[in-house]
Amino acid sequence: MQLSKHFSLHEFLVSQTAEREGGEMLARQNAPSDQVVSNLGYLVTSSLEPLRTLLDTPMSINSGYRCELLNSHIGSKSTSQHVVGQAADVALSSQILESSRHTRYRRIIEHKVRDRIGRSIRADASANFYLFATAVMYLHELDIDQLIHEYGDDGQPAWVQISASQSHNRRQILRINRDSTELITLEQALALGC
């Protein structure tokens, strides 16, 4: 089932852990409720597809929906938005850094960041940072609840978590690392890669 031009429901259900564990966990993971599917559809149409289109660069879903059994098994909080299909851990293809076809998109992001905070994106910033910075810059135009720079180093998030709710979006920007979770401002978020 396609959720949008570039995203299918299957991408949000795949879990190596559920595949490995099999049995009831795998069965539950592959049978989301209608409400979860609706929430995933909203997440895609309100934020992921617009970002994918804007960047014209493929994205991969590292973790989307997690059934409660899977979520508990991996040690995540029971309040995780993944459980209700409102969050996805996303990685952006390195094409944005390597392909001359994507130079224009990269330069637009770099220009917007420089205009906003007066600093340039570092040369070692990752493709995931470009995704994060783009979502930060368009935070109020997209319907995002939380945008999270997760793990990795400053300017090189291991992945970017994006969540959206059909009822209320806080438009929060957070940074999570091994030691802490902190709410950060738009300027602090962009400075992570500068």
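The values are calculated or read from the model by the stated rules, or taken from the named source; none is laboratory data. The structure displayed is predicted, hence computed values, not measured ones. Heads up, the Cβs are rebuilt from the backbone with ideal geometry, glycines too, and the neighbour counts pull from every protein chain shown. To get the accessible areas, we keep the full protein, side chains included, count just its heavy atoms, and leave off ligands, DNA and RNA. Shrake-Rupley method; radii C 1.70, N 1.55, O 1.52, S 1.80 Å.
Considering only region 7-42, state which residues are touching a residue at least 40 places away in the same chain (Cβ under 8 Å), assigned to a loop (DSSP other than H, G, I, E, B) and either open to solvent by less than 60 Å² (accessible area, probe 1.4 Å) or among the basic types (Lys, Arg) (or both). First the steps, then the outcome.
Initial filter on region 7-42 (touching a residue at least 40 places away in the same chain (Cβ under 8 Å)): 7, 11-15, 17-18, 21, 24-25, 28-29, 32, 35-40, 42.
When the remaining residues are screened for being assigned to a loop (DSSP other than H, G, I, E, B), the result is 7, 14-15, 32.
7, 15, 32 - these are the residues of region 7-42 that are touching a residue at least 40 places away in the same chain (Cβ under 8 Å), assigned to a loop (DSSP other than H, G, I, E, B) and either open to solvent by less than 60 Å² (accessible area, probe 1.4 Å) or among the basic types (Lys, Arg) (or both).
Within region 111-139, residues that are on the phi < 0 side of the Ramachandran plot sit with their Cβ atoms under 6 Å from residues that are modelled with pLDDT of 95 or more and basic (Lys, Arg), at 6+ positions apart or across chains, in these pairs: 120/114; 137/112; 139/171.
Would you point out the residue of region 120-130, among those that are among the small types (Gly, Ala, Ser) and touching a Leu at 6+ places or on another chain (Cβ under 9 Å), that is surrounded by the most Cβ atoms within 10 Å (Cβ to Cβ)? Looking at the filtered set, the residue picked out is 125. Checking 163, 94 one by one, the residue that is among the polar types (S, T, N, Q), under 20 Å from residue 61 (Cβ atoms) and at pLDDT 95 or above is 163 and no other.
For region 120-128, the count of residues that are hydroxyl-bearing (Ser, Thr, Tyr) and closer than 21 Å to residue 173 by Cβ is nonzero.
Residue 57 satisfies every condition listed in (1) of a type in the set (S, T, N, Q); (2) exposed (fewer than 15 other Cβ atoms within 10 Å of the Cβ); (3) at pLDDT below 95 except (2). Scanning region 159-194 for residues that are in a loop (DSSP other than H, G, I, E, B), open to solvent by less than 50 Å² (accessible area, probe 1.4 Å), of a type outside the set (Ser, Thr, Tyr) and closer than 24 Å to residue 66 by Cα turns up 164, 169, 177.
Taking the conditions (1) crowded, with 20+ Cβ neighbours inside 10 Å; (2) in a loop (DSSP other than H, G, I, E, B); (3) touching a His at 6+ places or on another chain (Cβ under 9 Å) in turn, residue 76 satisfies each one other than (1). Of all residues in region 60-73, those being open to solvent by 70 Å² or more (accessible area, probe 1.4 Å) and more than 30 Å from residue 106 (Cβ to Cβ) number 3. Within region 95-113, the presence of a residue that is surrounded by fewer than 21 Cβ atoms within 10 Å (Cβ to Cβ), not hydroxyl-bearing (Ser, Thr, Tyr) and not in a helix (DSSP H, G or I) is excluded. Evaluation of residue 48 against the conditions (1) part of a helix (DSSP H, G or I); (2) open to solvent by 50 Å² or more (accessible area, probe 1.4 Å); (3) not polar (S, T, N, Q) shows that the sole unmet condition is (2).
Of all the residues in region 131-147, those that are touching a helix residue (DSSP H, G or I) at 6+ places or on another chain (Cβ under 9 Å) and open to solvent by 10 Å² or more (accessible area, probe 1.4 Å) number 6.
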